[in-house]
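This report concerns only the one structure given below.
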Amino acid sequence: MNDFAENLKKHRTDRGISQDELAKKIDIHPVQFSRYERGQSVPSIEVVQKIANALEISIDELVYGNQDSKAEQTISDRELLSMFSKVQLLGEKQKETVKDFLSAFILKTELKQKLA
């Protein structure tokens, strides 16, 4: 749940909102809000929804973070990451072709490893 706490703090500070302001906006005690942000307490789904609405972000982004930054943290090959970013700009049919190609390549590689 530390990701949630970190994401909460990041989105709040990025918007220049104090803990007290956001706590008042979502109608909870500032001390309780501070516990959420420090990862010492877990909010109910209703409170998470109120926080996301107040910060004007999705619950997914609040809980899981920005998926683009997750990809950057996970994929160490910058050239590959750049290619994946460019693929996202393609049409749906072209994306499916890229996915089919990657799936076939991965399957071929896995089969070679098993048969070796």
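Bear in mind these aren't lab numbers, they're just calculated from the coordinates by the rules spelled out. What you see is a predicted model, and the numbers here were worked out from it, not measured in a lab. All Cβ positions, even for glycine, are placed from backbone atoms using ideal geometry, and neighbour counts span all protein chains on display.
Brief remarks follow.
- Mean-square fluctuations from a GNM of the chain, with a 10 angstrom spring cutoff on Cα atoms, peak among Phe101, Phe84, Phe33 at Phe101.
- Taking 30 Å as the straight-line reach from the Cα of Lys10, the lysines in range (excluding those fewer than 8 positions away in the same chain) are Lys24, Lys25, Lys50, Lys70, Lys86.
- Straight-line reach from Lys108: taking Cα to Cα under 15 Å and skipping same-chain neighbours fewer than 8 places apart, the aspartates and glutamates in range are Asp100.
- In a DSSP loop and with at most 13 other Cβ atoms within 10 Å, the trypsin sites (Lys or Arg not before Pro) in the range 1-63 are Arg15, Arg38.
- Calculated [222 nm] ellipticity per residue, helices only, for the chain: -22500 deg cm²/dmol; basis is -39500 (n - 2.57) per DSSP H run with n ≥ 4, divided by all residues, nearest 500.
- Isotropic mean projected area of the C-alpha convex hull, the chain (nm²): 10.5 nm²
- Spin-label model, Ser82 to Lys114: label points 7 Å out along the Cα-to-beta-carbon direction sit 3.6 nm apart.
- Note on the chain: with charges restricted to the Cβ of Lys and Arg (+1) and Asp and Glu (-1), its dipole about the Cα centre is near 260 debye.
- Screening the chain for whole DSSP H helices of 20 Å or more along their axis (Cα) with average Kyte-Doolittle hydropathy at least -1.0 returns 92-115.
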